[in-house]
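**Q** Pasting in a structure now, in structure tokens, and then I'll have a few things to ask.
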Amino acid sequence: MKAVARVRAERAGEAEAIGALVSAAFLGHPHSAGTEAAIVRALRAAGALSLSLVAECDERLIGHIAFSPITVEGRAGAWFGLGPLAVAPPCQRQGVGAELVRHGLQQLQERGAAGCVVLGDPAYYGRFGFRAVPGLVYPGPPPELFMALAWKGPVPQGVVAYHSGFEARD
Ligand SMILES: CC(C)(COP(=O)(O)OP(=O)(O)OC[C@H]1O[C@@H](n2cnc3c(N)ncnc32)[C@H](O)[C@@H]1OP(=O)(O)O)[C@@H](O)C(=O)NCCC(=O)NCCS
């Protein structure tokens, strides 16, 4: 079944609800350190939440996606990182995550972004056009889990770093 969700920008006063949603989505997730809500808060506090979209159904928040700036070889450009992406457990597998990704990527592109990276499951993110790119490296995880989608120019080469907000623990 498809959940009918409206995707829109985060509004003032929604930080707490988004935190609760993100925590609930990642609770017990095998690859989660349980820090995703803290990461979203840290990015927001640092002014590094470049794009923060929510999915809303019957005035309830059921999904959230964050985008933040990345660097390649220490240089900032017009590249962004997707994540965390979270859908409320009862609403998962109904197309909400995909709607958030599609809206987010479209808005980034409209704002002039050159591209976006994501660390995640290729079976999920491949459908949006993300592909592992030789030479664009995120140290640590298996290379096939780190993917990029370019809109302008070639994919940069080198080591990617996410914003320091991703080191947030609580
Ligand atoms: C992963 C998540 C964001 C996907 O959102 P969603 O709304 O549940 O997924 P969608 O309905 O958009 O997509 C469903 C499709 O993706 C697949 N899918 C869902 N989660 C997947 C996953 N973790 N890995 C691979 N495929 C996945 C489903 O099989 C389904 O494919 P199908 O349509 O071909 O059957 C959501 O399940 C979630 O919040 N999970 C917990 C947190 C998480 O893992 N976040 C992502 C970290 S990178």
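**Q** Out of (1) within 14 Å of the ligand (Cβ to nearest atom); (2) open to solvent by less than 60 Å² (accessible area, probe 1.4 Å), what's the single condition that is false for Gly115?
**A** All conditions pass for Gly115, except number (1).
**Q** Could I ask something else about it? Kindly list, by first and then second residue, each pair from a residue in the range 28-48 that is farther than 13 Å from Ser164 by Cα and free of Cβ contacts under 8 Å to residues at least 12 places away in the same chain to a residue that is open to solvent by 80 Å² or more (accessible area, probe 1.4 Å) and in a loop (DSSP other than H, G, I, E, B), limited to pairs with Cβ atoms under 8 Å and residues at least 6 apart or on different chains.
**A** Gly34/Leu27
**Q** Does Leu21 qualify as being assigned to a loop (DSSP other than H, G, I, E, B) and at pLDDT 95 or above?
**A** Taking the combined requirement at face value, the residue does not satisfy it.
**Q** What do you reckon, is Arg169 among the basic types (Lys, Arg) and under 17 Å from Gly19 (Cα atoms)? Quick ask: steps written out before the conclusion?
**A** On the way: among the basic types (Lys, Arg): yes; under 17 Å from Gly19 (Cα atoms): yes.
Spelling it out, Arg169 is indeed among the basic types (Lys, Arg) and under 17 Å from Gly19 (Cα atoms).
**Q** Also, I was wondering about something else. Only residues that are of a type in the set (Gly, Ala, Ser), assigned to a strand (DSSP E or B) and open to solvent by 60 Å² or more (accessible area, probe 1.4 Å): list them for the range 56-81, please.
**A** Matches in the range 56-81: Ala76 only.
**Q** Right, something else. Check off (1) under 30 Å from Val137 (Cα atoms); (2) in contact with a strand residue (DSSP E or B) (Cβ under 8 Å, 6 or more places away or on another chain); (3) within 16 Å of the ligand (Cβ to nearest atom); (4) not hydroxyl-bearing (Ser, Thr, Tyr) for Cys91 and give me the number that stays unchecked.
**A** For Cys91, the exception is condition (1).
**Q** Only one of these conditions is not met by Pro84: (1) within 15 Å of the ligand (Cβ to nearest atom); (2) assigned to a helix (DSSP H, G or I). Which number is it?
**A** Among (1) within 15 Å of the ligand (Cβ to nearest atom); (2) assigned to a helix (DSSP H, G or I), the lone unmet condition for Pro84 is (2).
**Q** Collect the residues in the range 121-131 that are surrounded by fewer than 19 Cβ atoms within 10 Å (Cβ to Cβ) and within 12 Å of the ligand (Cβ to nearest atom), keeping them in residue-number order.
**A** Those that are surrounded by fewer than 19 Cβ atoms within 10 Å (Cβ to Cβ) and within 12 Å of the ligand (Cβ to nearest atom): Asp121, Pro122, Ala123, Tyr124, Gly126, Arg127, Phe128.
**Q** I would also like to ask the following. Go through Glu99, Glu144 for me and flag whichever is within 14 Å of the ligand (Cβ to nearest atom), over 24 Å from Ala5 (Cα atoms) and either part of a helix (DSSP H, G or I) or open to solvent by 30 Å² or more (accessible area, probe 1.4 Å) (or both).
**A** Glu144
The values are calculated or read from the model by the stated rules, or taken from the named source; none is laboratory data. Here the structure is a predicted model, which means the values were calculated and not measured. Neighbour counts are summed over all protein chains in view; Cβ atoms, including those assigned to glycine, are modelled from backbone coordinates with ideal geometry. When the accessible area is computed, the model is the full protein with side chains, heavy atoms only, and any ligands, DNA or RNA have been set aside. Shrake-Rupley method; radii C 1.70, N 1.55, O 1.52, S 1.80 Å.
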